[in-house]
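The values are calculated or read from the model by the stated rules, or taken from the named source; none is laboratory data. Model, not experiment: these values are computed from the prediction. All Cβ positions, even for glycine, are placed from backbone atoms using ideal geometry, and neighbour counts span all protein chains on display. SASA here: full protein model, heavy atoms, side chains in, ligands and nucleic acids out. Shrake-Rupley method; radii C 1.70, N 1.55, O 1.52, S 1.80 Å.
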Amino acid sequence: MPSLKWRSLAVVCAVASAAASVLVATPAQADGPLRTHAAERGKFIGAALATGPLANETTYRNIAATEFNQVTAENAMKWDATEPNDNQYSFSGADQIVNFATQNNQQVHGHTLVWHSQTPGWVQGLNATNMRAAMNEHIATVVGRYANNATVVSWDVVNEVFNEDGTFRQSFWFNTLGQSFIADAFRAARAADPNARLCINDYNVEGINAKSTAMFNLVQSLRSQNVPVDCVGFQSHLAIQFGFPNDIQQNLQRFANLGVQVRITELDIRMQNPRNAQKDTTQAQYYTNVINACNAVTACAGVTIWGFTDRYSWIPDTFPSECCGLIYDNNYAQKPAYTAVHNALDGGTPSDTTPPTTPGTPTASNVT
Ligand code: G3I
């Protein structure tokens, strides 16, 4: 039986799809914003938002409101922002994002409750009893704050628990509490909000590999123990120099077959400096491929882009020789990647998921 939040969303979707069916009776607005075309498919198109430019830049606010029907707080809902000191909470940034989304008829995906990064030092040094208590209290307080707010519909409960080889990351969470912190976090989040969709989230799990298979096995095991994991987030921090995960659709589908919702949570597609037209073309193709994969998997709820303008991307800070992973440039001009996302959402022509190859060396696509 769908929960209250989901029922209300179901009503919204039914109305939207009814409206969309009416809209589709006449050709959908080809030049409509991304959110219009995503909603016509019953999907979201989202963006991670930063509180600074959201408060201070009109262009940023206008694009964020116009193009997206889902938003994620890039940093404002993380532990270091919401509980910088033990039992001292600060929700100014989180509330700013939630209020903006409410005003613009957008959903909020909460990010993130339990992560090895951006967790204050006072947590990291606790013993097992106190660390588990602090985690449960943090989740109850943060999730509970928005549990009766229809705008906040889902959470990244646990983030990035695996190493690349599929073993568990030796974080302070794992080293102090063992693997049980994962199930405990999900149970605490469900207790705080009976209606929210609860996700486990990671990067480099987009294709079928040791890490994504470890995630698959964990989700299958947790659900067999009735741990409320009902969503898996595939961050999708891609780079054109590393190629495209051509089996992404099959991978999403195998998780969907477990009975969970899947979502692309942090999409950006970086490139090595300098940006040029050829790299833009490859990037646009990769964006098309990701949207097409989500469109093809019914249980894929949508795609969140990790920001939307290169002006405020995390990428240069982390990869100094790389840039330009998003769909608007530093001056808020739409890039070929924007057009690619628009056309893929707007029922655009299905495209081969094989990345462009040099002429004369066609490769068979492994995605039907
Ligand atoms: O808030 C402080 C500010 O007070 C201080 O003056 C400034 C000095 O550098 O730092 C500010 O904190 C920064 C924070 O973003 C907020 O802007 C941190 O230094 C900076 O490291 C942090 O980076 C974020 C990063 O997560 C941290 O790991 C990025 O913006 C954010 O895009 C990135 O997002 C993560 C996802 O949450 C999880 N998946 C991977 C993704 C990319 O790393």
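Could you please give the count of residues in segment 233-277 that are of a type in the set (Val, Ile, Thr) and either at pLDDT below 95 or within 14 Å of the ligand (Cβ to nearest atom) (or both)? Break it down stepwise before answering.
First, pick out the residues of segment 233-277 that are of a type in the set (Val, Ile, Thr): 240, 248, 260, 262, 264-265, 269.
Going one step further and asking which of them are either at pLDDT below 95 or within 14 Å of the ligand (Cβ to nearest atom) (or both), we end up with 264-265, 269.
Looking only at that region, the number is 3.
Would you point out which residue out of Gly32, Gly93 is touching a residue at least 24 places away in the same chain (Cβ under 8 Å) and within 15 Å of the ligand (Cβ to nearest atom)?
Values: Gly32 fails: within 15 Å of the ligand (Cβ to nearest atom).
The unique qualifying residue is Gly93.
Under 6 Å by Cβ, and 6 or more places apart or on different chains, what pairs join a residue from segment 314-331 that is closer than 18 Å to Tyr287 by Cα and within 14 Å of the ligand (Cβ to nearest atom) with one that is of a type outside the set (A, V, I, L, M) and in a helix (DSSP H, G or I)?
Correct list of pairs: Leu326/Asp310.
Of all residues in segment 76-85, which are open to solvent by 10 Å² or more (accessible area, probe 1.4 Å) and more than 9 Å from the ligand (Cβ to nearest atom)?
Residues satisfying the conditions are Pro84, Asn85.
Picking from Leu113, Leu23, Leu49, which residue would you name as being modelled with pLDDT of 95 or more and more than 26 Å from Ala333 (Cα to Cα)? Outline the logic, then answer.
On the way: Leu23 fails: modelled with pLDDT of 95 or more; Leu49 fails: more than 26 Å from Ala333 (Cα to Cα).
Criteria check complete, one pass: Leu113.
Going by what's in this entry, would Ala73 be described as surrounded by 21 or more Cβ atoms within 10 Å (Cβ to Cβ), more than 14 Å from the ligand (Cβ to nearest atom) and within 16 Å of the chain's Cα centre (by Cα)? Quick ask: steps written out before the conclusion?
On the way: surrounded by 21 or more Cβ atoms within 10 Å (Cβ to Cβ): yes; more than 14 Å from the ligand (Cβ to nearest atom): no; within 16 Å of the chain's Cα centre (by Cα): yes.
Against the criterion (surrounded by 21 or more Cβ atoms within 10 Å (Cβ to Cβ), more than 14 Å from the ligand (Cβ to nearest atom) and within 16 Å of the chain's Cα centre (by Cα)), Ala73 does not qualify.
Would you say Ser212 is without any contact (Cβ under 8 Å) to a residue 40 or more places away in the chain and closer than 30 Å to Glu322 by Cβ? Quick ask: steps written out before the conclusion?
Working: without any contact (Cβ under 8 Å) to a residue 40 or more places away in the chain: yes; closer than 30 Å to Glu322 by Cβ: yes.
Spelling it out, Ser212 is indeed without any contact (Cβ under 8 Å) to a residue 40 or more places away in the chain and closer than 30 Å to Glu322 by Cβ.
Restricting the first residue to segment 76-90 and requiring it to be under 18 Å from Leu126 (Cα atoms) and among the hydrophobic types (A, V, I, L, M, F, W, C), which pairs with a second residue that is in a loop (DSSP other than H, G, I, E, B) and within 13 Å of the ligand (Cβ to nearest atom) meet a Cβ separation below 6 Å and a spacing of at least six or different chains?
Taking only residues 6 or more apart or on different chains, the pairs are Trp79/Thr119.
For the condition aromatic (Phe, Trp, Tyr), within 21 Å of Trp115 (Cβ to Cβ) and open to solvent by 30 Å² or more (accessible area, probe 1.4 Å), what is the one hit in Phe242, Phe234, Phe216, Phe255? Please lay out each step first, then the result.
Details: Phe242 fails: within 21 Å of Trp115 (Cβ to Cβ); Phe234 fails: open to solvent by 30 Å² or more (accessible area, probe 1.4 Å); Phe255 fails: open to solvent by 30 Å² or more (accessible area, probe 1.4 Å).
Result: Phe216 is the single residue among Phe242, Phe234, Phe216, Phe255 that is aromatic (Phe, Trp, Tyr), within 21 Å of Trp115 (Cβ to Cβ) and open to solvent by 30 Å² or more (accessible area, probe 1.4 Å).
Give all pairs with beta carbons closer than 6 Å in which a residue from segment 116-131 that is closer than 14 Å to Phe181 by Cα meets a residue that is among the β-branched types (Val, Ile, Thr) and away from the ligand (no atom under 16 Å from the Cβ); count only pairs at least 6 apart in sequence or on separate chains.
Short answer, once both residue conditions are applied: Ala128/Thr176; Met131/Thr176.
Quick one: how many residues across segment 194-238 are of a type outside the set (S, T, N, Q), assigned to a loop (DSSP other than H, G, I, E, B) and in contact with a strand residue (DSSP E or B) (Cβ under 8 Å, 6 or more places away or on another chain)? Even if it seems obvious, please write down each step before you answer.
First, the residues of segment 194-238 that are of a type outside the set (S, T, N, Q): 194, 196-200, 202-203, 205-208, 210-211, 214-216, 218-219, 222-223, 227-234, 237-238.
Now narrow it down to the ones that are assigned to a loop (DSSP other than H, G, I, E, B): 194, 196, 203, 205-208, 227-230.
With the extra rule that they be in contact with a strand residue (DSSP E or B) (Cβ under 8 Å, 6 or more places away or on another chain), the set shrinks to 196, 203, 205-206, 228-230.
Of the residues in that region, 7 qualify.
Mind checking which residues of segment 93-137 are touching a Ser or Thr at 6+ places or on another chain (Cβ under 8 Å), outside any strand (DSSP E or B) and either of a type in the set (A, V, I, L, M, F, W, C) or over 15 Å from Leu49 (Cβ atoms) (or both)?
Initial filter on segment 93-137 (touching a Ser or Thr at 6+ places or on another chain (Cβ under 8 Å)): 93-94, 96-98, 101-102, 106-111, 116, 126-128, 131.
When the remaining residues are screened for being outside any strand (DSSP E or B), the result is 93-94, 96-98, 101-102, 106, 116, 126-128, 131.
Across segment 93-137, the qualifying residues are Ala94, Ile97, Val98, Ala101, His116, Leu126, Asn127, Ala128, Met131.
For Thr309, are the conditions met, namely being of a type in the set (Ser, Thr, Tyr), over 15 Å from the mean Cα position of the chain (by Cα) and more than 16 Å from the ligand (Cβ to nearest atom)? Even if it seems obvious, please write down each step before you answer.
Working: of a type in the set (Ser, Thr, Tyr): yes; over 15 Å from the mean Cα position of the chain (by Cα): yes; more than 16 Å from the ligand (Cβ to nearest atom): no.
Considered against the rule, which asks whether it is of a type in the set (Ser, Thr, Tyr), over 15 Å from the mean Cα position of the chain (by Cα) and more than 16 Å from the ligand (Cβ to nearest atom), Thr309 comes out as no.
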